[in-house]
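The values are calculated or read from the model by the stated rules, or taken from the named source; none is laboratory data. In this text, all values refer to a predicted model and were calculated from it rather than measured experimentally. Ideal geometry is used to build each Cβ from the backbone, glycine not excepted, and the neighbour counts take in all protein chains shown. Calculation scope for accessible area: heavy atoms of the full protein, side chains included, ligands and nucleic acids excluded. Shrake-Rupley method; radii C 1.70, N 1.55, O 1.52, S 1.80 Å.
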Amino acid sequence: MRTTTSLIALLGAVALFGCSSSDTNPQPSEDELLAPPAEGAGVQYRMVSTLQPGQEIERCQLFVAPPEGLNVNREMVRYSGGSHHVLLYATPYTSIPTETRRGVALDASQVHDCNDGPQADWDATGVVAGSQSPDGNSFLGELPEGVALKVAPGTVLLMNTHYVNASPEAIETDARINLYTIADDEVKVEAGMLFHYNPFISVPAHGKSTARMRCVTENDISVVRIQSHMHRRGVGYVAHKVGLDGTMRELYAHDRWEGVPSEEFSPFLEVKAGESLDYRCEFNNVEDRNIAQGLTSRDEMCMLIGPYFPRSPAYENCDTAEGLIAATWYGDGKTTCAEAFECLGNAQDDAAVYGCVVNSCESVGPQLSAALACQMTGGNGACIEACSGEDAEACNTCVGEACAAEMETCQTATCD
């Protein structure tokens, strides 16, 4: 069996995303992009940088939110061609750090390279705004009257772009995010942003696979819109709502990894406590190497994104109120839960590790997920202290005892 400490580390690669596009579109003029909001109506965050011929680069810039905070009711995003996304993250910082989490000193208030993904250098707590389409169709879009996504006073915000210059000439990139705000006394309900991320992706060289994840909510929520996120091997996507009786209703389906459409709900999609959002990504890998989930365009992602209200912070990342994992992962293969854990014990790289789950059969998804979640969270939180030091044996012993019931259930689960 794979060691508990390595399973705990497994989710270390799960983070908010970054990716790229190989297309370089004609660059819009200044007037074709986006003017800032009128004074008192919001704020604009903007990144401008130069790309050399043939260059692919991910860049970041940190900003400080106004001292009065932001009640964001609407966003608009525009950026020059050659990028698949522009994102604005919230961070835990109250002032702009003077060095990255890897100890590199720099002036982060200026545009800087972050080519391993923004989370390699900076902590992020969630997404405020962004788009995968240079001409609109943003994540947050417009919220109902009296509903706002809140940014605390003085929050440090992280803006991120990922560009490819496929042309023979240097180009200047320009990305802008407008956050339109409402006054404190106009806010009746706080909104949040769903950011569901499936870490179990493995696509064999010259092969196909799927990644599927289900997230149950503990609270009633209203979803405004949803949107997918995949990288260039993504060839299909479908999302369902799962009722309390297990009935699945299709919400959203398409076959695009860029120029991604969104699904607007009118009336809003009501997801009651105990109900779930279930989504699946389909991949086709034409490369000579195995592909696993990860933060760069060399890797793959499978996400469900969208604004909702009232805010339920844990559910935004598919967690419970206690901070435990609320996800169920479903494979599309033939191995049992016990065989999946045996596979984990023999896996030598990320693609093989994630493939152990991808290749499991659908019917053992709940049992496999419960056992994995228990181990990856240190015995559902019971072994945090034992697993916080260097004693791997103590950690493994504690988690083995804490997760005994989940592992026993896993060992007896079979494929239908």
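Please go through the range 214-266 and pick out each residue that is closer than 29 Å to I291 by Cβ, among the β-branched types (V, I, T) and in a strand (DSSP E or B).
Within the range 214-266, V216, I226, V235, V238, V242 qualify.
Given (1) modelled with pLDDT of 90 or more; (2) in a loop (DSSP other than H, G, I, E, B); (3) over 27 Å from V77 (Cβ atoms), identify the lone condition not met by A321.
Every condition holds for A321 apart from (1).
Go through (1) farther than 21 Å from L304 by Cα; (2) buried (at least 23 other Cβ atoms within 10 Å of the Cβ) one by one and return the number of the condition P118 breaks.
(1)
Restricting attention to the range 315-340, which residues are open to solvent by 30 Å² or more (accessible area, probe 1.4 Å) and of a type in the set (A, V, I, L, M)?
Across the range 315-340, the qualifying residues are A321, L324, I325.
Would you confirm whether any residue within the range 43-52 is assigned to a strand (DSSP E or B), under 29 Å from P310 (Cβ atoms) and open to solvent by 70 Å² or more (accessible area, probe 1.4 Å)? Quick ask: steps written out before the conclusion?
Filtering the range 43-52 down to residues assigned to a strand (DSSP E or B) leaves 43-51.
Okay, now just the ones that are also under 29 Å from P310 (Cβ atoms), so 43-45.
Narrowing further to those that are open to solvent by 70 Å² or more (accessible area, probe 1.4 Å): none.
No; the residues of the range 43-52 include none that is assigned to a strand (DSSP E or B), under 29 Å from P310 (Cβ atoms) and open to solvent by 70 Å² or more (accessible area, probe 1.4 Å).
I need a count of the residues in the range 282-298 that are modelled with pLDDT of 90 or more and not aliphatic (A, V, I, L, M). Spell out the reasoning first.
Filtering the range 282-298 down to residues modelled with pLDDT of 90 or more leaves 282-293.
Next, only the ones that are not aliphatic (A, V, I, L, M) stay: 282-285, 287-290, 293.
Final tally of qualifying residues: 9.
Taking only pairs six or more apart or across chains, which ones have beta-carbon atoms under 6 Å, a first residue in the range 367-379 that is within 11 Å of A327 (Cα to Cα) and in a helix (DSSP H, G or I), and a second residue that is among the acidic types (D, E) and open to solvent by 10 Å² or more (accessible area, probe 1.4 Å)?
A370/E406
What number goes with the only condition from (1) surrounded by fewer than 19 Cβ atoms within 10 Å (Cβ to Cβ); (2) farther than 26 Å from E145 by Cβ that A273 does not pass?
The single condition A273 does not satisfy is (2).
Just to be sure I understand, how many residues within the range 324-343 are modelled with pLDDT of 95 or more, touching a strand residue (DSSP E or B) at 6+ places or on another chain (Cβ under 7 Å) and small (G, A, S)?
So the answer is 4.
What single numbered condition from (1) of a type in the set (S, T, Y); (2) open to solvent by less than 10 Å² (accessible area, probe 1.4 Å); (3) not in a strand (DSSP E or B) fails to hold for S95?
(2)
Test of understanding: among S222, S209, which residue is in contact with a helix residue (DSSP H, G or I) (Cβ under 7 Å, 6 or more places away or on another chain) and at pLDDT 95 or above? Full working, then the answer.
Numbers: S222 fails: in contact with a helix residue (DSSP H, G or I) (Cβ under 7 Å, 6 or more places away or on another chain).
Of the residues listed, the single one that is in contact with a helix residue (DSSP H, G or I) (Cβ under 7 Å, 6 or more places away or on another chain) and at pLDDT 95 or above is S209.
Residue-by-condition table, conditions (1) out of contact with any Leu (no Cβ under 7 Å at 6 or more places or on another chain); (2) of a type in the set (G, A, S); (3) open to solvent by less than 10 Å² (accessible area, probe 1.4 Å):
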site: A129; (1), (2), (3): no, yes, yes
site: Q132; (1), (2), (3): yes, no, yes
site: L149; (1), (2), (3): no, no, no
site: P153; (1), (2), (3): yes, no, no
site: M159; (1), (2), (3): no, no, yes
site: S167; (1), (2), (3): yes, yes, no
site: K188; (1), (2), (3): yes, no, no
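Under 8 Å by Cβ, and 6 or more places apart or on different chains, what pairs join a residue from the range 61-79 that is farther than 19 Å from L34 by Cβ and in contact (Cβ under 8 Å) with a residue 40 or more places away in the chain with one that is open to solvent by 30 Å² or more (accessible area, probe 1.4 Å) and among the hydroxyl-bearing types (S, T, Y)?
Qualifying pairs under 8 Å: L62/Y93; L62/S109; V64/S95; N71/T181.
Can you name every residue in the range 125-177 that is small (G, A, S) and either assigned to a strand (DSSP E or B) or touching a Phe, Trp or Tyr at 6+ places or on another chain (Cβ under 6 Å) (or both)? I'd like the intermediate steps shown before the answer.
Within the range 125-177, the subset small (G, A, S) is 126, 129-131, 133, 136, 138, 141, 146, 148, 152, 154, 166-167, 170, 175.
Once the filter is applied, which keeps residues that are small (G, A, S) and either assigned to a strand (DSSP E or B) or touching a Phe, Trp or Tyr at 6+ places or on another chain (Cβ under 6 Å) (or both), the range 125-177 yields G126, A129, G130, S131, S138, A148, A175.
In the range 344-384, what count of residues is obtained for those that are open to solvent by 50 Å² or more (accessible area, probe 1.4 Å) and in contact with a strand residue (DSSP E or B) (Cβ under 9 Å, 6 or more places away or on another chain)?
Within the range 344-384, the subset open to solvent by 50 Å² or more (accessible area, probe 1.4 Å) is 346, 348-350, 359, 362, 366-367, 380, 382, 384.
Then keep just the ones that are in contact with a strand residue (DSSP E or B) (Cβ under 9 Å, 6 or more places away or on another chain); that gives 349-350, 359, 362, 366, 380.
Number of matching residues: 6.
Just give me the residues in the range 403-416 being open to solvent by 40 Å² or more (accessible area, probe 1.4 Å) and assigned to a helix (DSSP H, G or I), in sequence order. Steps first, answer last, please.
Going through the range 403-416, the residues open to solvent by 40 Å² or more (accessible area, probe 1.4 Å) turn out to be 404-406, 408-409, 411-412, 414-416.
Result: A404, A405, E406, E408, T409, Q411, T412.
Mind telling me which of the residues A124, A105 ends up being at pLDDT below 95 and either open to solvent by 10 Å² or more (accessible area, probe 1.4 Å) or not basic (K, R) (or both)? Steps first, please.
Working: A105 fails: at pLDDT below 95.
So the residue among A124, A105 that is at pLDDT below 95 and either open to solvent by 10 Å² or more (accessible area, probe 1.4 Å) or not basic (K, R) (or both) is A124.
Return the residues of the range 264-292 that are touching a Phe, Trp or Tyr at 6+ places or on another chain (Cβ under 6 Å) and closer than 18 Å to A327 by Cα; say none if nothing qualifies.
To start, the set of residues in the range 264-292 that are touching a Phe, Trp or Tyr at 6+ places or on another chain (Cβ under 6 Å) comprises 281, 292.
Correct list: C281 only.
Please work out which residue is nearest to V151 (Cα to Cα), limiting yourself to the range 53-80 and to residues that are in a strand (DSSP E or B) and more than 22 Å from the chain's Cα centre (by Cα). Give the steps one after another, and end with the answer.
Here is the first cut: in the range 53-80, the residues in a strand (DSSP E or B) are 56-64, 70-79.
Remaining after also requiring more than 22 Å from the chain's Cα centre (by Cα): 64, 70-71.
Working: V64: 11, L70: 5, N71: 6 Å.
The extreme case among them is L70.
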